[in-house]
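Please read the structure below before turning to the comments.
The values are calculated or read from the model by the stated rules, or taken from the named source; none is laboratory data. Here the structure is a predicted model, which is why all the values come from computation and not from measurement. All Cβ positions, glycine included, derive from the backbone under ideal geometry; neighbour counts span all protein chains shown. Areas reflect the complete protein model, heavy atoms only, side chains present, ligands, DNA and RNA absent. Shrake-Rupley method; radii C 1.70, N 1.55, O 1.52, S 1.80 Å.
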Amino acid sequence: MADTLNVISICGSLRKGSYNRIVMNALQGYAPEGLRITEAPSYAEFPLYNADIQNSTGFPAPVQTLAAAIRAADGVIFVSPEYNYGIPGPLKNAIDWVSRLPNQPFADKPIAQYDLRRSMIFLDALTMNKPEIFIGNVSQKIDDKTGQIKDEQAIGFIKQQLAAFAKFIVQHGGKK
């Protein structure tokens, strides 16, 4: 890749010490050359979506900030736990807020995350189907002392997906 691809990552867990955050923070170290991954602005302060809020005061500033980061990125990677066969409520809430903005931030944006495909397809995002990453028993694959991923198979899957996502962005025109 001649140009740098700028990708943002969004953690589905708000907990500072979550395993998903640990994995998300490790992504840049496993990224191929030319792929830069940075954390997206937080959605922790988003109010619960309510059209009355949107209609009376407009979109909250944190929603606008995240939307601007999504628009500016070449792609978005979600690193999220699965709760009851779905995504966490705060992440769904963030997507609900951002999805209502004009100039839809997710439209034509390359996205990587298995469980968000239905929502992202509705928002006209470009979802990468494979490879997929599921890190089962993640607590056993993170070194308690260093907070680093210690499972070589998981690291291999992450590297494979990041390389594929970089190609996906280039092939699908996500690079501005």
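For the stretch 26-58, residues that are under 16 Å from residue 147 (Cβ atoms) and more than 12 Å from the chain's Cα centre (by Cα) total 4.
Out of the stretch 9-24, which residues are within 15 Å of residue 141 (Cα to Cα) and either touching a residue at least 60 places away in the same chain (Cβ under 8 Å) or open to solvent by 70 Å² or more (accessible area, probe 1.4 Å) (or both)? If the condition is that a residue be within 15 Å of residue 141 (Cα to Cα) and either touching a residue at least 60 places away in the same chain (Cβ under 8 Å) or open to solvent by 70 Å² or more (accessible area, probe 1.4 Å) (or both), then 18, 19, 20, 22, 23 are the ones that fit. Residues of the stretch 103-153 that are basic (Lys, Arg) and over 27 Å from residue 73 (Cα atoms): 141, 145, 150. Across the stretch 102-116, the qualifying residues are those that are open to solvent by 10 Å² or more (accessible area, probe 1.4 Å) and touching a residue at least 12 places away in the same chain (Cβ under 8 Å), and the one among them that is nearest to residue 35 (Cα to Cα) is 109. Pairing residues of the stretch 25-43 that are on the phi > 0 side of the Ramachandran plot with residues that are open to solvent by 50 Å² or more (accessible area, probe 1.4 Å) and of a type in the set (A, V, I, L, M, F, W, C), at Cβ distances under 7 Å and at least 6 apart in sequence or on separate chains, gives 34/1.
Here's the yes/no breakdown for (1) part of a helix (DSSP H, G or I); (2) at pLDDT below 85; (3) closer than 25 Å to residue 51 by Cβ:
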{"position": "96", "(1), (2), (3)": "yes, no, yes"}
{"position": "108", "(1), (2), (3)": "no, no, no"}
{"position": "158", "(1), (2), (3)": "yes, no, no"}
{"position": "162", "(1), (2), (3)": "yes, no, no"}
{"position": "173", "(1), (2), (3)": "no, yes, no"}
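Screening residue 124 with (1) touching a strand residue (DSSP E or B) at 6+ places or on another chain (Cβ under 9 Å); (2) open to solvent by 90 Å² or more (accessible area, probe 1.4 Å) gives one miss only, at (1). Of all residues in the stretch 161-176, exactly one satisfies the criterion of being closer than 17 Å to residue 31 by Cα and open to solvent by 100 Å² or more (accessible area, probe 1.4 Å), namely 167. Based on what the data block shows, is residue 82 open to solvent by 40 Å² or more (accessible area, probe 1.4 Å) and modelled with pLDDT of 95 or more? Criteria not met by residue 82.
Any residue in the stretch 34-43 that is at pLDDT 95 or above, farther than 26 Å from residue 129 by Cβ, among the aromatic types (Phe, Trp, Tyr) and surrounded by 13 or more Cβ atoms within 10 Å (Cβ to Cβ)? The answer is no; no qualifying residue exists.
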